[in-house]
Each structure stands twice: as C-alpha cells, then as structure tokens.
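Note sheet for the following structure.
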Amino acid sequence: MSAKRAGEQGGRTFTEEARRAQIVRAAIDTVAEHGYPHTSFSKIAQQAGLSSTGMISYYFAGKAELFDEVVATVLRAAEEFVGPRLQHAQTYRAKLRVYIESNLAFMAEYPGHTLALAEIVLGTRDRDNVPVGAVNQATASLDVLVDCLDKGLAAGEFADVEPRVMAVAIRGAIDNTLRHHMLTPDVDLETYGRQLADIFDRATRAAT
C-alpha cells in the first residue's frame, strides 16, 4: 500500500509521517530561497537530501497536493503561535493589536514559513499555478481577522468600516512588511508591529 493510500485511510506510520514532514520542511525552505514559480521537485529533493524525486511522488500525488500541505503546515504553526495570544486579549481592539504584533513576531521567528506562504498564495501572478487548496486555506485564515473586526464593530469598538476591506488592508500591510524584511534584514519587526498596530487602531477606532 502506498503512503498516499495509507494516508487516505488514516493509517500512516510514524516513519511515513516523519518523511512527509521532512519533505514539507524542505519545500518551505526551497520556496523561501527560490520562489514558488522556480521550485521543482528536484530542488526540493536536493534540499531534503533525498536520492530522487520519486520519493516525493510516493508521498504526494503532485505539486498541488504537496503545496496544499505546505500552506496547511505554515498556517498551523501560525495559529499555534498567534492563537494563544489572541485568547488572552480581552477586547476586540486588543485582539486586533495582538493579531498584528503577533503576526510580525511569528515572521521574525519563522521567516522561511511566512515567505513561503506569501510566495505560494500572493507571489504568483499565474493563478492557474497556485494550488486551489492553498488559496482556500489562506482565505479561511483571513476570515479569522474578518470575524474579529465584524464582532468588534457589533460591540461598538470599531468604526463603521467594511470588515473584509479592512482585513485585506491589514493583511496586505503585514505581507508587505515581510517582503521589506526579506530585502532589508535589519528591519526591527517588533517596532514595525507596534507601529502598524497603532496605525490600524486609529483607522478602526470608533468615534467617541
């Protein structure tokens, strides 16, 4: 039984899971270094120290399946990093600040993860080459921010702005900070996070 078939039945062994994780980690590093359009199975195999690309094909049906898993892995890591911080915030305005600052803190802690995610979902002009599952997962992630803004608006904590428009603006600011950081590594992400949070706090603050 192939690893893919075993996975479909929920029967992957520890060794199979470890190998899949190794391939995903190598894919993240490869995309971060070369960009999504220039990432191939051969480059990923070389990064992972695998003898052939056939080992990748054994565990993943194709590029789309592999990169769906890459995106899922990055988003899980981000959720594990950001989620607990959001839970401790008592108001929606506080949650928005924590969301922005924590995303930039995650960026500082896992630069390869965030760059790979941006490359896959945002950095490819040819949308036909972007895994559909990856786009859907990223959209679902944006929905978390939309939900926070929507509930904060209902609670009277935010100005009367369209939550999804504001969420896209916030996400865009975060993603472009990542690009700036990769070009200028000495960027102080903690300061950027605090100042971005200040900007969007003012932009969303309800009139008093």
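A few comments on the model shown:
- Restricted to helices (runs of 4 or more DSSP H) entirely inside region 1-120, those with at least 1 residues that are hydroxyl-bearing (Ser, Thr, Tyr), at pLDDT 95 or above and within 30 Å of ALA203 (Cβ to Cβ) are 92-109.
- The condition (being farther than 24 Å from TYR110 by Cβ and touching a residue at least 24 places away in the same chain (Cβ under 8 Å)) is satisfied by just one residue among VAL161, VAL168: VAL161.
- Candidates in region 152-208 are the residues that are assigned to a helix (DSSP H, G or I) and of a type in the set (Phe, Trp, Tyr); of these, the one that is farthest from GLU33 (Cα to Cα) is PHE200.
- Answer from ALA77, ALA94 - the residue that is open to solvent by less than 30 Å² (accessible area, probe 1.4 Å) and not hydroxyl-bearing (Ser, Thr, Tyr): ALA77
- Residues being of a type in the set (Gly, Ala, Ser) and over 24 Å from the mean Cα position of the chain (by Cα) - total across region 44-56: 4
- Test: residue in region 33-44 that is of a type in the set (Lys, Arg) and touching a strand residue (DSSP E or B) at 6+ places or on another chain (Cβ under 9 Å): no
- Scanning region 149-175 for residues that are within 17 Å of the chain's Cα centre (by Cα), surrounded by 12 or more Cβ atoms within 10 Å (Cβ to Cβ) and modelled with pLDDT of 85 or more gives ALA167, VAL168, ALA169, ILE170, ARG171, ALA173, ILE174.
- Checklist (1) without any contact (Cβ under 8 Å) to a residue 24 or more places away in the chain; (2) surrounded by 12 or more Cβ atoms within 10 Å (Cβ to Cβ); (3) not aromatic (Phe, Trp, Tyr) applied to ASP186, failing item: (2)
The values are calculated or read from the model by the stated rules, or taken from the named source; none is laboratory data. Because the structure is a prediction, the values reported are computed rather than measured. So basically every Cβ, Gly included, is an ideal-geometry build from the backbone, and we count neighbours across all protein chains shown. With ligands, DNA and RNA removed, areas are computed over all heavy atoms of the protein, side chains included. Shrake-Rupley method; radii C 1.70, N 1.55, O 1.52, S 1.80 Å.
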